[in-house]
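For reference, the structure is listed below as structure tokens.
Each reported figure results from applying straightforward, stated rules to the coordinates on display, with no laboratory input. Nothing here was measured: the structure is a model prediction, and the numbers come from that model. Cβ atoms come from the backbone with ideal geometry, glycine included; neighbour counts cover every protein chain shown.
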Amino acid sequence: MGRVNPISAMPAPRLSSLFLFCSLLTLQAADVRHAAPRTLNGEFPFHPVASAEAWEARRDDIASRIQVAAGLWPMPSKASLNAVIHGTVDRGDHQVDRVFFESLPGHFVSGSLYRPAGASLAHGLKEGKRAAVLCPHGHWNNGRFYDAGDARGQEEIRVGAEVLINPARFPVQARCVQLARMGCVVFLYDMIGYADSLQFPEHRNGPRPEMTSPAPGQWGFVSPQATARLQTNFGLQTWNSVRALDFLLGLPGIDTDRVLVTGASGGATQTMMLGAIDHRVRSAFPCVMVSTAMQGGCTCENGLLLRIGQGNIDIAAALAPRPLGLTAADDWTIDLERKGHPDLLHLYQMLGAADRYEAHFDIQFKHNYNHVARTHLYQFANRHLALGLASPVSESDFQPLSKEELTVWTAAHPAPSGDKVGPTHEKAVCLWWEQDSARQIDPLLRPSDADSLRRAREVLGTATRVMIGRDLPAAASCEFEITGKRQQADHTRLAGLIRLPSRGEEVPAVFLHPSGWNGTVVLWMTPRGTAALEADPSVTRLLNEGYCVAGIDLFGTTDPKVTENPNTPYSANANKPGEGWQLSPVYYYGYNDSLFARRVHDLLTTISFVRHHPDWKVQSVAVAGMEGAGHWVAAARAIAGPAIDRCAVDTGTFRFADLPDFWHADFLPGSVKYGDVEGLLVQSAPHPLWVRNPAGKTSAALRATYGVTNSEGSLHFGDSDVVDFLTAK
């Protein structure tokens, strides 16, 4: 006798068909994913944790998301910097050198190296190794060459933001000079397209047809090809910062235990990103950027996947418990004292490091890195770099360097030109990035031993969790509302909504329960959703053999606004429509889950609900992705792991690399970088998997991975019947 089906015993709700229909429409509209997309101008509160132990895991998650978003997971290969230091200018108490080096072959980072000299050394600076300070400059006009002009400088003095005219006119140089006088070695480097960074003539770009080609070496940034590989100028700028730190810490006489990074505005964005992903940064002082409000307007501050589930407060917090200092101004940081700062202070207190955190709220001044903010920095540096200077440290006047004295390109060291500049160089950078990623990731798709398998799971697993943005929901986190129940001759048809209240999401679902249920639920997925359960021979076979068969309508698959035009609202520009670079997909995918990811979320919600329902007593769960649903199921399988007992995937002809644009309904940023469909499927090992239509390399990769896990018997290809696989004991 079969087990009694507890669902079939439930009383049918007394609802008219019209009421059921209207109720369902109302409930669907309640899903928060129908709201307008998030933008950089939203509200991004801190995500608190309950303990120091929990913070370690949360900090790792923040860093992983940044690194994946920047296209730096795993870190690219580090070739020789081939650094050139020349053209020393001696100012008596400090000296400045011109510097350029290659962050990757053929791509130059340029900057100025400030060091204590002469009078500073004679005035009792500590002997021995020097503290290091890295200075990204931010979006000040001409960056490293910035000159505010006499009129602006005088106005800054008048309002109390500055004291002396030279620091008022040249605030970017001012902090480097003062830090060198304090005994630090300081490297001020150019952002892409600023000052001597000539190889990308434009700091940022939007979509350009001439930079969009699937041929290797023929695409640039803001193309479907680059987006599918997480290649952005945010990522390149972050990589330049990593390599700038390599350069600075590789200099003789540097104390690698005393390292500070500081910048304002866009320079503060670079400061907190680098501090989060690179533990060589021992302290950070990002100015006038960190807030719960506007997150950064430039493409160099916005990465694909970057601020999903986190904002700038979280990212700055990733430095904890290392020393962190912030400043606020009359800009988007104006509310920092009551929004964000209390959370950071509480975090540092919880970690027993309250003395390592400080924030300054000089909101009488506009957006700046002025004398007041710099003075806060000097005290912070003196304390946390253990400089041993009398406090307070005060800034004094200096003789600024002219553009001619600062430029790294001279007759003896000519600037890049020809195919080393512009579109050809941009394409070359993307090609190097693609090839370097392939050299690291391709072997992980075919592991040969336990170590390579462990590395494959670390790299591919982390990337997939970031791209999808969701783990399997916790047990008992889902709810179910019945919207319809009908008794058939040999089974009960139960319709309803599976809700995930913590996310404000809901999934229309239908369960077909046979009268002699055997304890297994098969989630039968096709793009037709719940409609696919009707008159499908495979579904009928499963029911006849005692299996409960479920179907769900994945997000957007039954919504005409999405199915008829999947580009809306997913192509919605989150900044200012119609202005070139502001049409970059980073402004959507940096703040919102892709439509592909949202559909995988619905699968994960359903799997968790079925697996953990306290009354249904489900013994096993199988999932089948058929007729064009295979890629969604492959991604869910990679996340869900053993929560799916048996998984069948018909890959069809689908490949992420074939999608024509980044607003396609199935587009997933990063998918191609991490092995396309193949990269998702290999994460199924050692669990039972049936695959139809694998590409040749996918078949080889699966055989290799299942071989390493000694689970070859769990891998089946499409020459066997899918129902036979799903019902195998």
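The table below lists the values:
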| read-out | value |
| --- | --- |
| Ratio Rg/Rh, restricted to region 668-729 and using Cα atoms, in which Rh is the Kirkwood radius | 0.99 |
| Neighbourhood charge, 11 Å Cβ-Cβ cut-off, centred on V109 and excluding it, Lys, Arg +1 and Asp, Glu -1 | -3 |
| With 10 Å bins from 0: P(r) over region 204-312, alpha-carbon pairs, percent | 13, 38, 29, 16, 3 |
| Cα centre as origin, Lys/Arg/Asp/Glu Cβ charges: region 61-436 dipole, Debye | 480 debye |
| Bridge type composition, the chain - antiparallel percent by DSSP, nearest 5 | 50 percent |
| Enclosed volume per residue, in Å³, of the convex hull spanned by Cα atoms of region 438-566 | 192 Å³ |
| Rg/Rh for region 332-389, where both radii come from Cα atoms and Rh is the Kirkwood radius | 1.01 |
| Share antiparallel - DSSP beta bridges, region 61-436, percent rounded to 5 | 50 percent |
| Rg ratio (alpha-carbon, reference 2.2 N^0.38 Å) - region 436-477 | 1.45 |
| For region 126-175: span of alpha carbons on each principal axis (Å, largest first) | 42, 24, 13 |
| Modelled FRET efficiency - R0 45 Å, D150 with T558, Cβ distances, 0.05 increments | 0.10 |
| Mean separation of Cα contacts under 8 Å (6+ apart) over length of the chain, as relative contact order % | 16 percent |
| Where N is the number of residues in the chain, Cα Rg divided by 2.2 N^0.38 Å | 1.06 |
| As computed over region 152-250, the Cα convex hull volume per residue (Å³) | 149 Å³ |
| Pairwise FRET efficiency - L345 versus D471, Cβ, R0 = 30 Å, nearest 0.05 | 0.55 |
| Residue-averaged [θ]222 nm for the chain, counting only DSSP H segments that reach four residues, each worth -39500 (n - 2.57) | -9500 deg cm²/dmol |
| Segment A354-R454, extension gain: residue separation times 0.36 nm, minus the distance between their alpha carbons | 32.3 nm |
| Extension gain from L164 to N41, taking 0.36 nm per residue of separation minus the Cα-Cα distance | 40.7 nm |
| Positive minus negative residues near A411 (Lys, Arg vs Asp, Glu; Cβ under 14 Å) | 0 |
| Length added when fully stretched, S417-H279, from 0.36 nm per residue minus Cα-Cα | 46.1 nm |
| Fraction in percent of alpha-carbon pairs per bin - 10 Å, region 609-729 | 13, 45, 30, 11, 1 |
| Cβ-based net charge around R599, under 15 Å, with every Lys or Arg adding one and every Asp or Glu removing one | -3 |
| Mean projection area, nm², convex hull over Cα of region 61-436 | 17.9 nm² |
